[in-house]
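Everything on this sheet refers to the single structure shown next.
A short reminder: the numbers here are calculations on the coordinates, not readings from a lab. Please read these numbers as outputs of a predicted model, since none were measured by experiment. A quick note on method: Cβ atoms are made from the backbone with ideal geometry, for glycine too, and the neighbour counts reach across all protein chains shown.
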Amino acid sequence: MMAQGPDTALEPIGSVRRTQVGREATEPMREDIRLLGAMLGDTVREQSGEEIFDLVERARVESFRVRRSEIDRAELAEMFSGIEAKKAIPVIRAFTHFALLANVAEDIHRERRRAVHVAAGEPPQNSSLAATYRKLDAADLDADTVAEALTGALVSPVITAHPTETRRRTVFDTQHRITELMRLHAKGEERTSEGGSIDLELRRQILMLWQTALIRLSRLKIQDEIETGLRYYPAAFFEVIPAVNAGVRQALQARWPGADLLPQPILRPGSWIGGDRDGNPNVTGDVVRLATGSAAYTAFAHYFTELTALEEELSMSARLVTVSDDVAELADACHEPARADEPYRRALRVVHARLTATAADILDRQPEHVLDLGMPRYSTPGELLADLNVVDSSLRAHGSALLADDRLARLREAVHVFGFHLSGLDMRQNSDVHEEVVTELLAWAGVHSDYASLPEQARVALLVAELSTRRPLVGPGAQLSELARKELDIVLAAARAVQVFGAQAVPNYIISMCQSVSDMLEAALLLKEAGLLDASGEHPYCPVGIVPLFETIDDLQRGAQIMTDVLALPLYRGIVHARGESQEVMLGYSDSNKDGGYLAANWALYRAELDLVEMARDNGIRLRLFHGRGGTVGRGGGPSYDAILAQPPGAVSGSLRITEQGEVIAAKYAEPRSAHRNLETLLAATLESTLLDVEGLGDAAEPAYAVLDDLAARAQRAYAELVHETPGFVEYFKASTPVSEIGALNIGSRPTSRKPTTKISDLRAIPWVLAWSQSRVMLPGWYGTGTAFEQYIADGGKDSAARIEVLRDLYKRWPFFATVLSNMAQVLSKADMGLAARYAELVDDPDLRSRVFDKIVAEHDRTIAMHKLITGHDDLLADNPALARSVFNRFPYLEPLNHLQVELLRRYRSGDDDELVQRGILLTMSGLASALRNSG
């Protein structure tokens, strides 16, 4: 499939040709792609026959000819016109599998290049902790400053409940095995550790990949999503997170030894899977119990495995070592004569047995390796950790630190961070649902017959009065609607999780579309009904944080005022005081973008953070921001390191929570090396943003902000004119993208819309972005920005040249502005108006097609021109060579997938009910999502 001819020779991207140095640097990756492509080609020929292989190979060759402008794109499209569905399927699968294998080759190449940099003795690269430590050393910070800044420090990647990850578990695992084999191949190995041929094993795995169905026959259930989210713990997190936490703590304490830095683990993962019910009717109280219980089960299973191994390893004899009195006392509880001479083994068996008793008491199912000796359970993870610390201290006391620093150290760190809960499960629901449920509860209790009719001030007064009492609104026999009963069951399940697994099991309750103080107090009232809030006395109790999520641009602009108003209420201020003077606020990247477009949303978020930081400072509270970023730039995606450094001053302050979504989760955390690198990146950026001045504007901040105020308003106007005001735009969107078919792609448990309407505002951000990426328009990541820049410059009149220089200066000095342009360039490099034109042909009305598509093309050209003018780069990816390699090496292989998708969409919508046609559409969607890597 991967020929050795001119089709694979490097070509220019944009107008910049790769240098000889670049060709030499990327040759190993190209060799890997050729190797894997050839093996895949052999497999296609053997499994599907010569005719299919020839069709795949011809499509591959013609795709490269299209890139070199040797043939018109229509000629390639014609190849697939009228193709039989049964022939289209293997062609789609071939190019989809190539995309997966190209991902492997790119990942291996990144590892190879990092190793080259290290071997050459070059300084550590930005986004590594080693580079961050150098910067901190150069800054000469005092211990008190660092300690204050890192009080309550937290970095939490939160695995979300609506993945666009299209790969099945089997495909995921097979791709992982291929990655491991290619690592050995990159080292020059010919044999696996078992002595088998690497070449033969690669062929075997590719054959298994080919014979495995890429898409599911049935939609993912939420139970499947829970399992999928938890698989990253044994795959990578158990190995990496404890090690990273220990490393960061040791590095910082070595620099500031008297500051007692990071007494709690800084890196603590979270999850939405099973707790996020905003628009997902599948989340119930039982699901919350399953999610929290499955997480705890995963933690306990890990502990039992490690304890079993430790019992085998720590075989020291009392005749050869002297253990501490505490270890001897711990061991004495284990009455096993055969182990009388092995105090550490007996001590660990006591730990094992007590943990078994704990599991029997709190888990709904029991892991392997349990040890029932009739011991009492542990009440808290702290008790378990205390026993492990006893073993650790004894080992160090008799010169066995080498042993203490191995598996035992990793287990202690794991218990410290994962406790009995594993990860915090956030609750999330839409404010409209809260209002409906609270209205019903208040009416049932006779407090008010129609709460929903009250104005805001009256609502707040009523809610404060109810929150000031311990009296519940409803009892067990209350006759409630299905919705109200379901919502109460969910918060009751959360309360049970807090009671059984600890407060960290459910750390937050997030209010989607939060637009008022009453929206926050309504959620508080539901928590009170479940026993998770008591604000009636001098010492309020609220283990679950109440977190407003500001999503639309208007809500982002009003967020700080809403927080100021709620903090002015003594009752709520008391709740914040009880939570250590800490308040979390979530910012929605996806809906703000869908609402106002790329530039307006990014600037609204920046402005909101500035306002919230000032609000927190004025109220004397510690602010933690939770960034609701998706995988794509249109949903807040892009390189995490740059994104975090682009936050305004004071916005990070030692704490960062960030959503991780879709296929990006697997790309970052599927195996230990990538997980370590990506988690380290989050920590490095958080430490730098907290302890160093990274904005770089100084006294010029306000003029810069004024420029962005102007640009954002222009961009929002241009975006609104297309998306919200162009007649027929929704019809164009539905016809020219596969958005209607996305619902059939079994990638998630939730519907594509929050409500059964055709409004853009009700459509979920994921299908909105995924549909535009499939059609290669990528509209959410750039539209409106070109017009904003062009108008801003033109309106300068005789000062137009000066305005250009202002923008160029901001690009050079301001990380936020540079990141906005860099992320936009990434999207533009993946957009393809030629392919988008093929999708536009699916719109039957020629006037509508021209009215919308012509605007998109004109804005696309305008935006590229403005990017070049401001940055001085002819090449969109001049600042991102890794993505440039990816676009160059991989994108010709996407071309057939797009053409086949259009062909099959046309047939399907014309009434072709062949099951293979629909399956082919879903396969193209899966292939493109995997190949683009951040499509949703």
Calculated from backbone phi, Karplus (6.51, -1.76, 1.60) coupling profile of the range 43-56 in Hz, x at Gly/Pro: 5, 4, 4, 5, 8, 10, x, 5, 4, 5, 4, 5, 5, 4
I'd like to compare 727-734, 912-919, 553-560, 605-612: which one has the highest average count of other Cβ atoms within 10 Å, and what's the full order after that? 605-612, 553-560, 727-734, 912-919
Quick one: putting +1 on the C-beta of Lys and Arg, -1 on the C-beta of Asp and Glu, what dipole do you get for the chain around its Cα centre, in Debye to the nearest 20? 1160 debye
Give me the log10 of I(q) over I(0) for the range 89-154 at q = 0.24, 0.27, 0.28 Å⁻¹, as the Debye formula computes it from C-alpha points; what are the numbers? -1.02, -1.12, -1.16
5 angstrom amide H check on residue 582, placed H, neighbours 5+ away: 622
Cα extents of the range 426-622 per principal axis, largest first, Å, are 52, 33, 32
Residue by residue through the range 688-694, the couplings from Karplus 6.51 cos²θ - 1.76 cosθ + 1.60 with θ = phi - 60°, in Hz, x for Gly and Pro, are 5, 5, 7, 9, 10, 8, 10
Between residue 371 and residues 5 or more places away or on another chain, which pairs have amide H atoms under 5 Å apart, with H built 1.01 Å from N, and which residues are they? 356
Antiparallel versus total DSSP beta bridges in the chain: what percent is that, nearest 5? 10 percent
Estimated [θ] at 222 nm from DSSP helical runs (n ≥ 4, -39500 (n - 2.57)) normalised by residues in the chain, nearest 500: -19500 deg cm²/dmol
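Taking only the alpha-carbon atoms of the range 171-210, what semi-axes of the equivalent ellipsoid follow from 5 times the gyration tensor eigenvalues under a square root, in whole Å, largest first?
Numbers: eigenvalues 57, 23, 11 Å².
Ellipsoid semi-axes (Å, largest first): 17, 11, 8.
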Report the net charge of residues surrounding residue 620, where surrounding means a beta-carbon distance below 13 angstrom and charges are Lys +1, Arg +1, Asp -1, Glu -1. 0
Report, by chain and number, residues whose modeled amide H sits under 5 Å from the one on residue 546, excluding near sequence neighbours (fewer than 5 apart, same chain). 509
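Give 594/734; 668/830; 486/734; 830/855; 734/868; 135/812 a once-over and call out the pairs whose C-alpha atoms are over 22 Å from each other. Please report the intermediate quantities before stating the final value.
Working: 594/734 15 Å; 668/830 20 Å; 486/734 33 Å; 830/855 19 Å; 734/868 32 Å; 135/812 20 Å.
Where the Cα-Cα span goes over 22 Å, the pairs concerned are 486/734; 734/868.
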Phi angles of the range 706-722, converted by Karplus (6.51 cos²θ - 1.76 cosθ + 1.60, θ = phi - 60°) into ³J(HN,Hα) in whole Hz with x for Gly and Pro, give 5, 4, 5, 4, 5, 4, 5, 5, 5, 5, 5, 4, 5, 5, 4, 4, 7
Taking 0.36 nm per residue of sequence separation and subtracting the Cα-Cα distance, how much length would be gained by fully extending the chain between residue 471 and residue 326, in nm to one decimal? 47.4 nm
Tell me, what is the Rg over Rh of the range 285-418, with Rh the Kirkwood radius over Cα pairs? 0.99
Quick one: the Cα spread of the range 307-346 along its three principal axes, in angstroms, biggest first? 24, 21, 18
Kindly provide log₁₀ I(q)/I(0) values, in the same order as q = 0.10, 0.12, 0.15 Å⁻¹, from the Debye equation applied to equal alpha-carbon scatterers of the range 699-879. -0.45, -0.63, -0.92
Any chance you could run the full-extension gain for residue 614 through residue 443? It's 0.36 nm times the residue separation minus the Cα-Cα distance, nm to one decimal. 57.7 nm
Quick one: P(r) of the chain from all Cα-Cα pairs, 20 Å bins, percents rounded to integers, in order of increasing distance. 13, 44, 35, 8, 0
Take the Cα coordinates of the range 32-172, assign each an equal point scatterer, and use the Debye formula without solvent to give log10 I(q)/I(0) at q = 0.18 Å⁻¹. -1.16
Given just the C-alpha atoms of the range 782-839, how large is their convex hull per residue in cubic angstrom? 92 Å³
